[in-house]
Amino acid sequence: MLVLSRKRDEEVVIGDSIIVGIVDIRGDKVRLGIQAPRDVPVHRREVAEQIGGNVPERQFKRGQFCPDCGKRVIECRCSNADAVARKAVAR
């Protein structure tokens, strides 16, 4: 999983046709604007699970820590970050 930091009005480009922008930040909530082709379904996780969509398994859970560096897995910058994330998830 790639973790990026963005500020309000900044964007992330995925492939050639998907743009995710930060529309607003209010406290602990971030409002996203997603521009994608009509043939690409975009749903919140809980909605995708309810409609039976193909929802990928979460790579890590909130509050897990890297066994190598001790940082939260989402913040881990270890040289083997993918392996570290898999170890943390397996715990």
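Structure values in brief
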read-out	value
Förster radius 30 Å - calculated FRET efficiency between Arg38 and Cys69, Cβ distance, rounded to 0.05	0.10
Debye intensity ratio in log₁₀ form over the Cα atoms of the range 7-56, taken at each q of 0.12, 0.28, 0.29 Å⁻¹	-0.33, -1.05, -1.06
Segment Met1-Val55, extension gain: residue separation times 0.36 nm, minus the distance between their alpha carbons	17.9 nm
Additional length obtainable on full extension of the chain from Glu10 to Ile25, 0.36 nm per residue less Cα span	4.2 nm
Lys, Arg +1 and Asp, Glu -1 on Cβ, resulting dipole of the range 7-56 about Cα centre, debye, nearest 20	200 debye
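No value in this document is a laboratory result; all are computed from the given coordinates. Keep in mind it's a predicted model, so treat the numbers as computed, not measured. Here the Cβ is made from the backbone with ideal geometry for all residues, glycine too, and neighbour counts use every protein chain on show.
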